DNA sequence: GGAAAACCTGAACAGAAAGACAGGTTTGTG
DNA sequence: CACAAACCTGTCTTTCTGTTCAGGTTTTCC
């Protein structure tokens, strides 16, 4: 059951929904194909289940780090780091999410337009608040989020490109730390975040 | 012939390689299925041909904008704008490229590790030169490129997410101009690019 | 004008993959 | 222990899809 979901996540991440076969997922899970159908009925339902498990992770760190009572230097840095670590720890989840979006999000459109949208707009309001309080530059809050998502997801979704450019078979921890540093710097300086030594709030 | 490639690009962008069928591409092109095979033999070869047409676009603007004799303020802003406009003008191409990378780039791995890598490293050297000349901060040059790619591609690949967040059925020109502004600002400030009023070079 | 080459396509084929199902095994429960 | 419920799986069926091929049409070139 859990093994199936794990195997499915792995296979879906490699080949996408259409490119994955129940047979391969079954083999990855070490189970007969019919077993998957016993638990999940159809391939689409299995995919949907996997996706639902991933969906929550997407906005996880947002509410934790981007809050009104934090200083943006702390909030943004923490958020970026959390997103980057997520990209490193769960690249399969990121890829499935990316693949779903690439197709136009047929399965999770509802979630995207409802729950997700509300939370993102809420986060954007916090960013706006930080700007209004003079803690950082005026910058389109939603677009700031889009750019952060873009930068961080790149490290999960397109790591072939990154690895082939750097010429390594996989990113070392130190190289990845450089990546985090770079993205963090881009965000903090890019938003003109004032030093947090001015007391928060 | 050209119609086939165009139709294929459109369909591949929507469903990915595995999710696309020759029948759908044929229909999109208004031709019988057998015709596609007459020209391209196999589905894989058709995909490869489409991809080869796209591959070149990826690095197109890099050599044009990021050159030693430009000031980084001009070079980076121009590059970002070019990439963003490309994302807007040819989202299908961007999506196919993204989809290929997501799968681990089985088809274009060779290109990626050879031609592409060399050019990217060359560009990185220009960025390094700008830093050395004191025109911008010291920042890991390759990672700077990765972040730019990430931010710009997001607007093509994941535009469902962007549209659903903003609550519009498609991005207006002015909204997109805001996006370009935001990304440009993030990059220029993020790299600490000095004002170009100090005469270039 | 005629032959050869290139172009085109309807119909059939072969393999793969999703799903159905019947029958078997284990687990839980009174 | 007995019975039911849940669990499991080998095999079969059906649908889909990439590909082939035989035969036709148009174009090119002498």
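The values are calculated or read from the model by the stated rules, or taken from the named source; none is laboratory data. The structure presented is a predicted model; accordingly, all values stated were derived computationally and were not measured. Neighbour counts are summed over all protein chains in view; Cβ atoms, including those assigned to glycine, are modelled from backbone coordinates with ideal geometry.
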Handout entry: Filtered residues of segment B:138-148 (kept if facing chain A (nearest Cβ under 9 Å) and assigned to a loop (DSSP other than H, G, I, E, B))
Key = B:139, B:140
Exercise for the section: Return a yes/no flag: does segment B:53-71 have any residue that is within 13 Å of DNA strand D (Cβ to nearest atom), without any contact (Cβ under 8 Å) to a residue 60 or more places away in the chain and surrounded by 13 or more Cβ atoms within 10 Å (Cβ to Cβ). Expected result: no
Problem - Any chance residue A:23 is modelled with pLDDT of 95 or more, within 11 Å of DNA strand D (Cβ to nearest atom) and crowded, with 18+ Cβ neighbours inside 10 Å - result: no
Completion exercise
Selection over segment B:149-174 where residues are in a helix (DSSP H, G or I) and facing chain A (nearest Cβ under 9 Å) yields a count of 15
Practice task
Considering each residue of segment B:103-134, count those that are assigned to a loop (DSSP other than H, G, I, E, B) and closer than 19 Å to residue B:64 by Cα, and give that number.
Solution key: 0
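Taking the condition more than 10 Å from chain A (Cβ to nearest Cβ) and free of Cβ contacts under 8 Å to residues at least 60 places away in the same chain, does residue B:125 pass?
In short, yes.
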Practice task
Mind telling me which of the residues A:85, A:46, A:31, A:36 ends up being away from DNA strand D (no atom under 16 Å from the Cβ) and either within 23 Å of residue A:154 (Cβ to Cβ) or out of contact with any strand residue (DSSP E or B) (no Cβ under 7 Å at 6 or more places or on another chain) (or both)?
Solution key: A:85
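Per-residue answers, yes or no, for (1) more than 14 Å from every other protein chain (Cβ to nearest Cβ); (2) farther than 28 Å from residue A:171 by Cβ; (3) within 16 Å of DNA strand C (Cβ to nearest atom); (4) modelled with pLDDT of 95 or more:
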{"residue": "A:48", "(1), (2), (3), (4)": "yes, yes, yes, yes"}
{"residue": "A:79", "(1), (2), (3), (4)": "yes, no, no, yes"}
{"residue": "A:95", "(1), (2), (3), (4)": "no, no, no, yes"}
{"residue": "A:107", "(1), (2), (3), (4)": "no, yes, yes, yes"}
{"residue": "A:136", "(1), (2), (3), (4)": "no, yes, no, yes"}
Handout entry: Flag if residue A:180 is within 10 Å of chain B (Cβ to nearest Cβ), closer than 27 Å to residue B:170 by Cα and touching a residue at least 24 places away in the same chain (Cβ under 8 Å)
Key = no
Handout entry: helices (runs of 4 or more DSSP H) fully within segment B:1-46 counting 3 or more residues that are within 11 Å of DNA strand C (Cβ to nearest atom) and within 26 Å of the chain's Cα centre (by Cα)
Key = B:2-19
Fill in the blank from the handout: residue B:107 passes all but one of the listed conditions (1) free of Cβ contacts under 8 Å to residues at least 12 places away in the same chain; (2) within 16 Å of DNA strand D (Cβ to nearest atom); (3) under 23 Å from residue A:166 (Cα atoms); the exception is number (1)
